[in-house]
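Colleague: Dropping a structure here in structure tokens format, bear with me for questions.
What follows draws every value from the coordinates through simple rules; no lab data is involved. These figures come from a predicted structure and were not determined experimentally. Glycine gets a Cβ as well: all are built from the backbone with ideal geometry, and neighbour counts include every protein chain shown.
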Amino acid sequence: MMFVSAGESDVIGSDKPVTVTVGDNAILPCHLEPPSNVRTLTVEWTHDGEYVHVSRHGKDYLTDQDENFRGRTSVFHEEMIRGNISLKLTNVTELDAGSYTCFVPKLQSQVRRGFINLTVEPVGGQTGDISGGTGAITGIALGVIAVIAIVAVAVLMKRRKITTDCATRNTTGRNGQNREGSQEDNAEDNTEDNTEDNDADNAEDSDGDSDGGNGENIGMLNLRNAS
């Protein structure tokens, strides 16, 4: 590998985001291209305008470091002679997500900054998929609610149908009983009427027979008296 002077190199970040899970370690890649020795130069790492790590002449200067990154950052000093100025970030938190800048202020080049995006996923899930996952869950929930509603309506209609059938059967049964009762009452009335009529006829016949017998007896007595 050929090395050139730092003044002829550009700072190269990464056009692809670095993705890690909360609690993991992350390496934010940044290097000089073509490779050159930057060990004697100042390298600054910042996040949203706050200092993350500063290295100068092979030593770390962390006086102005953001408190959020205390004790969690380092650079590869032994690799700086080959242009590697990547940052190692340990025990990543969700607050670490965002855009990072690696900057070599005294580099004799027009490209002295490199940019890297860090994506932090929650444990057990992916940040990029959270919105999609939420949408899917919402869709499933709505689908389940719709199915429950359909089943409930079907059950309700079935119950109403059963209730209606029972009511119809009860009404039919009552009408049948009423008709049977009416027929029995009519039969009893007819029987009573026939019995009364027969009794009346028999009584009249008996009276008639009695009257006839008495008349014949009176006639015979009169004949005997005449003799």
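Colleague: Considering amide H positions built from the backbone, and no H for Pro or chain starts, which residues 5 or more places from Ser74, or on another chain, come under 5 Å of its amide H?
Modeller: Lys88
Colleague: Quick query: amide H of Tyr51 versus all other amide H atoms, modeled in the peptide plane; which residues come in under 5 Å with a sequence gap of 5 or more or a different chain?
Modeller: Result for Tyr51 returns Asp66.
Colleague: Related question: Excluding Gly58 itself, what net charge comes from residues whose Cβ is under 10 Å from its Cβ, given Lys and Arg +1 and Asp and Glu -1?
Modeller: +1
Colleague: Ok, one more. Listing Leu41, Leu156 from the residue with the fewest other Cβ atoms within 10 Å to the one with the most, what is the order? Could you put the intermediate results ahead of the total?
Modeller: Numbers: Leu41 18, Leu156 10.
Ranking Leu41, Leu156 by Cβ neighbours within 10 Å, fewest first, gives Leu156, Leu41.
Colleague: Further, regarding this structure: Cβ under 14 Å from Ser74's Cβ, Ser74 left aside: what net charge do those residues give with Lys, Arg +1 and Asp, Glu -1?
Modeller: Working: positive: Lys59, Arg70, Arg72, Lys88; negative: Asp60, Glu78, Glu79.
Value of the local net charge: +1.
Colleague: What dipole magnitude, in Debye to the nearest 20, does the stretch 6-125 give about its Cα centre under +1 on Lys/Arg Cβ and -1 on Asp/Glu Cβ?
Modeller: Values: 11 positive and 17 negative charges, 86 e Å.
Its charge dipole is roughly 420 debye.
Colleague: Continuing with this model, one more query. Given Leu28, Tyr61, Gly49, which one lies farthest toward the positive end of the charge dipole of the stretch 6-125, if we put +1 on the Cβ of every Lys and Arg and -1 on the Cβ of every Asp and Glu?
Modeller: Tyr61
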